[in-house]
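The values are calculated or read from the model by the stated rules, or taken from the named source; none is laboratory data. Because the structure is a prediction, the values reported are computed rather than measured. Cβ sites come from the backbone with ideal geometry, for glycine too, and all protein chains shown count toward neighbours.
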Amino acid sequence: MSIACKKAPKHPETGTPPVIVVPKDTTKKDTTKVIVQPKRLKIDSIRKDLSGRSIIRVMSDSVWRDSTGVTFFVELKDYPDISTIVLGPVADDSQVYPGALIKGKSLADFSFKALTGYALAPVDVLPSDWSFDLVDNMPISKKSMEDYIKKQMTRGGTRKVHAMAGTIGEPFENYAEISLNQRHSWDFSNLLNVKPGENRRIKKKTGLYSSATLRIFGITTYPKEGKFFAPEVNPASIPDEPLVVRDVTYGRTATIAIESDAPFAEIKSAFNAAEEKSLNASHRSLLQNATITIFVRGFSTGDTNHLKSLRGAEQVEKYFAMIAAANTVSVNDYGAPVELMTSNATSTDNSFHRYQYKYRLDYPIK
């Protein structure tokens, strides 16, 4: 008996081929060079510097298309006063009054859209001005609040402003720095007429900004038992993330930013001279050639329009004249809402609502 054996067919090897390690020739000098792009190095150093700042949190950044700079989107860190909303240039305050019900999403663009059709519960009214009356169980509407304010102003006559805060001239490079340093909830750089591709850093060598906020009086409303709505209203059924305006500060606010190729000390000298009404020819020339951006709120329409029509030294002089005259108020002129705080209308804890606003910082490589 014989057994026939067939040869197995040959298949390609599927295993990992052996790795041959060639010892490095240590007798030769390694001439390989690591090339570091200078622009990338500068961008990384800007990132490091910005991330170390104590008042902001960096959300994201993007390098410019030509790698000549980097843009950061940042927000203020969680400060106790972050719930205070400072009204900026685009704010529509027509529906802003203590106790007003607004759509929550309208905070993002400062439109403060009214949320109508829901019965609100009466509130207790607590004013900051000692001469104003305390009111219990006040029905809330825009008219009732305006009538209350005018009645208090009529009883008290003309008042002098007692609370004022601001800066006297600080340096800046990015317009958003003004908002960050002032804890503004709006971005000052939005006032610039920026074309696509342009950054929001100052175009000239040096920047100076100054601001003033005059708080005339404030009014806070307190809901009974933490309930903002009448008993027949189911808060859970209300759309648009409703918020209640709990606290409103009435007053005037102004901010000025000056760009110049002159040194900071010279800009500040001209700025101070304008306030002291002692401008000389050199000061006027500096301000005439400067880029000036101004925002005011709570001043008369006539003064505001006149201010916008002026240029150079005359504009800065008018700015200071308006601030100097702003400390007298009357029943028909008590400023405008400059700050407010809101609460979640569907909650009963009465805590103030917090909204994190984001700012844009542009850093070109110098």
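Annotations
- When the residues of region 101-116 are filtered to those that are in a strand (DSSP E or B) and hydrophobic (A, V, I, L, M, F, W, C), the one that is nearest to the chain's Cα centre (by Cα) is I102.
Residues are listed down the side, and each one gets a yes or a no for (1) touching a helix residue (DSSP H, G or I) at 6+ places or on another chain (Cβ under 6 Å); (2) within 24 Å of F320 (Cα to Cα); (3) not small (G, A, S):
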site: L87; (1), (2), (3): no, yes, yes
site: V96; (1), (2), (3): no, no, yes
site: D109; (1), (2), (3): no, no, yes
site: K113; (1), (2), (3): yes, no, yes
site: D129; (1), (2), (3): no, no, yes
site: K142; (1), (2), (3): no, no, yes
site: K150; (1), (2), (3): no, no, yes
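One line per residue, one yes/no per condition, for (1) more than 29 Å from L192 (Cα to Cα); (2) within 30 Å of the chain's Cα centre (by Cα); (3) among the aliphatic types (A, V, I, L, M); (4) buried (at least 20 other Cβ atoms within 10 Å of the Cβ):
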site: A91; (1), (2), (3), (4): no, yes, yes, yes
site: Q95; (1), (2), (3), (4): no, yes, no, no
site: G99; (1), (2), (3), (4): yes, yes, no, yes
site: Y118; (1), (2), (3), (4): yes, no, no, no
site: L126; (1), (2), (3), (4): yes, yes, yes, no
site: W130; (1), (2), (3), (4): yes, no, no, no
site: N137; (1), (2), (3), (4): yes, no, no, no
site: K142; (1), (2), (3), (4): yes, yes, no, no
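- Taking the criterion of being of a type outside the set (A, V, I, L, M, F, W, C) and buried (at least 22 other Cβ atoms within 10 Å of the Cβ), no residue of region 261-278 qualifies.
- Which numbered condition R57 fails, given (1) modelled with pLDDT of 85 or more; (2) surrounded by 12 or more Cβ atoms within 10 Å (Cβ to Cβ); (3) under 18 Å from E173 (Cβ atoms): (3)
For (1) out of contact with any Cys (no Cβ under 9 Å at 6 or more places or on another chain); (2) closer than 20 Å to E317 by Cβ; (3) buried (at least 19 other Cβ atoms within 10 Å of the Cβ); (4) among the small types (G, A, S), each residue gets a yes or a no:
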residue	(1), (2), (3), (4)
S189	yes, no, yes, yes
L192	yes, no, no, no
K203	yes, no, no, no
P239	yes, no, no, no
T249	yes, no, yes, no
E259	yes, yes, yes, no
H283	yes, yes, yes, no
D303	yes, yes, no, no
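- Scanning region 39-54 for residues that are among the charged types (D, E, K, R), at pLDDT 85 or above and surrounded by 12 or more Cβ atoms within 10 Å (Cβ to Cβ) turns up K42, D44, R47.
- Some residue of region 73-82 being assigned to a helix (DSSP H, G or I), surrounded by fewer than 17 Cβ atoms within 10 Å (Cβ to Cβ), without any contact (Cβ under 8 Å) to a residue 60 or more places away in the chain and not basic (K, R): yes
- Annotation: I365 fulfils all but one of (1) of a type in the set (V, I, T); (2) more than 24 Å from the chain's Cα centre (by Cα); (3) farther than 30 Å from G69 by Cα; the unmet one is (3).
- A residue that is in a strand (DSSP E or B) and either among the β-branched types (V, I, T) or in contact with a strand residue (DSSP E or B) (Cβ under 6 Å, 6 or more places away or on another chain) (or both) cannot be found anywhere in region 140-149.
- The number of residues in region 346-362 that are in a loop (DSSP other than H, G, I, E, B) and either modelled with pLDDT of 90 or more or under 19 Å from the mean Cα position of the chain (by Cα) (or both) comes to 5.
- Members of region 114-134 found to be touching a residue at least 40 places away in the same chain (Cβ under 8 Å) and either over 21 Å from G298 (Cα atoms) or out of contact with any Phe, Trp or Tyr (no Cβ under 8 Å at 6 or more places or on another chain) (or both), listed by number: L115, Y118, A119, L120, A121, P122, V123, D124, V125, L126
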